[in-house]
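Student: Starting off with a structure, shown below.
The values are calculated or read from the model by the stated rules, or taken from the named source; none is laboratory data. On a predicted model such as this, the values are computed, not experimentally measured, just so you know. Every residue, glycine among them, receives a Cβ derived from its backbone with ideal geometry; neighbour counts consider all protein chains shown. The accessibility values were calculated without ligands, DNA or RNA, using every heavy atom of the protein model including side chains. Shrake-Rupley method; radii C 1.70, N 1.55, O 1.52, S 1.80 Å.
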Amino acid sequence: MQACILFTASPSSESTVKNIRQLCREFGLEPGKTLSDGTSSCLAQEAHSTARIEFSALREAAASYQIDVNEIQPDARIKKLLIADMDATIIRGESLDELAALAGIGSQISAITARAMAGELDFEQALAARLALLKGQPASLLDAVVKGVKITPGAQCLVATMRAHGAECYLVSGGFTFLTSVIAQQLGFTGHHANQLGLTGSQLSGTALPPILGKQAKRDFLHHYCGQMNIPLSQSLCVGDGANDMMMLQEAGLGVAFEGKPALRAAIDTQISYSDLTALLYLQGYDARDFAV
């Protein structure tokens, strides 16, 4: 059976093209279709092999050039449902860490965040510990977080293109609705789900309102929307970066670790570490000519 390989990298450059050609020669791959074009933010090149390849060695060699490489299914790849994590996936950074930095306690909270995303701490316990440190901070800090948010390159194109081709797209986050509501509307997601911060007057209460949206809830939303849309799990694409995304990604038709933490990369085969989010379109077989923006 012929193996189909996809190389992606951002930004697209002539040196990257040369490096991909070199990798194809070294690993006995036959270059195939180029999915990107001259205006693309991310280079995407297919390759094929009828012989068995040492994929881990290929991925390691590609990483030395900051090129992502993934095995892909040659057919039935276009997905009808996207469920995306928000923090460090659709947006840059962790919104709770940004809130803590504005409150002057960034290092205390970011250390807990890092351990939770690495799978070293229970997500709900880590969330409670971080929120407790924010008790009494002014709610006006939330507006400053929203104002300073940075969208991950390729996110708008990813959502717009999938929506234009009939997919439903949901932002499902262990973060908070004060930000998911803004990001979902800005990028055109079908809807969003996240935790809700507790407030006492004009101050943060140091808690989140139950129920807490954690790893089980993310997995449950995947099944809920597949059922609502009457599609199999194979028609879903899920993307995230942390350990709390693992269960959702493992059950999706296509689960992608985007700039994933080590624990997630150890569990999820499809990985994007150097390319922007348009790589998720190429992984489905989209051509740059199909992109909506």
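Student: Could you please state how large a percent of the accessible area of the chain is carbon and sulfur, counting protein chains only and using a 1.4 Å probe?
Tutor: 50
Student: For the chain, report the accessible area per residue in Å² (1.4 Å probe, heavy atoms, rounded to an integer).
Tutor: 44
Student: Hey, if you put +1 on the Cβ of every Lys and Arg and -1 on every Asp and Glu Cβ in the chain, which of ILE5, SER49, GLY148 ends up farthest toward the positive end of that dipole?
Tutor: After comparing all options, I get GLY148.
Student: Which value, in debye to the nearest 20, gives the size of the charge dipole of segment 248-293 about its Cα centre, when Lys and Arg are +1 and Asp and Glu are -1 at the Cβ?
Tutor: Magnitude of the dipole: close to 120 debye.
Student: Right, something else. If Lys and Arg each add +1 and Asp and Glu each add -1, what is the summed charge of the other residues whose beta carbon sits under 13 Å from the beta carbon of LEU213?
Tutor: For residues surrounding LEU213, the net value is -2.
Student: Gap in Å between the Cα centre of segment 145-183 and the Cα centre of segment 215-266?
Tutor: Each part reduced to its Cα centre gives a spacing of 16 Å.
Student: Helix-only mean residue ellipticity at 222 nm, the chain, DSSP H runs n ≥ 4 weighted -39,500 (n - 2.57), per residue, nearest 500. What is it?
Tutor: When only DSSP H runs of four or more count, the value is -11500 deg cm²/dmol.
Student: Sticking with this one: Pairs of Cα atoms under 8 Å, at least six residues apart: use those to get the relative contact order of the chain, whole percent.
Tutor: Over the chain, the number comes to 22 percent.
Student: Then there is this: Dipole of the chain (Lys/Arg Cβ +1, Asp/Glu Cβ -1, origin at the Cα centre): which of THR113, LEU35, MET247 lies farthest to the positive side?
Tutor: The residue sitting farthest along the positive end of the dipole is THR113.
Student: In square angstrom, rounded to the nearest 10, how much accessible surface does VAL146 have for a 1.4 Å probe?
Tutor: Accessible area of VAL146: about 40 Å².
Student: Next question, about the same structure. If ligands, DNA and RNA are left out, what is the accessible area of LYS33 with a 1.4 Å probe, given in Å² to the nearest 10?
Tutor: My reading of the accessible area for LYS33 is about 100 Å².
Student: Here's something else I'd like to know. Whose amide H sits under 5 Å from the amide H of GLY119, counting only residues 5 or more places off or on another chain, with H placed in the peptide plane?
Tutor: Long-range HN contacts for GLY119: ALA243.
Student: What dipole magnitude, in Debye to the nearest 20, does the chain give about its Cα centre under +1 on Lys/Arg Cβ and -1 on Asp/Glu Cβ?
Tutor: 240
Student: Report the net charge of residues surrounding VAL172, where surrounding means a beta-carbon distance below 14 angstrom and charges are Lys +1, Arg +1, Asp -1, Glu -1.
Tutor: Result for the local shell: -4.
Student: Tell me which residues come under 5 Å, amide H to amide H, from CYS4 once H is placed; ignore anything under 5 positions away on its chain.
Tutor: Long-range HN contacts for CYS4: ILE72.
Student: On a 30 Å Cα-Cα criterion, which of the cross-link pairs LYS150/LYS261; LYS18/LYS218; LYS79/LYS150 come out too long?
Tutor: Going by Cα-Cα distance, LYS18/LYS218 fall outside the 30 Å limit.
Student: Give me the aspartates and glutamates in straight-line cross-link reach of LYS135: C-alpha distance below 16 Å, same-chain residues under 8 apart excluded.
Tutor: ASP97, GLU98
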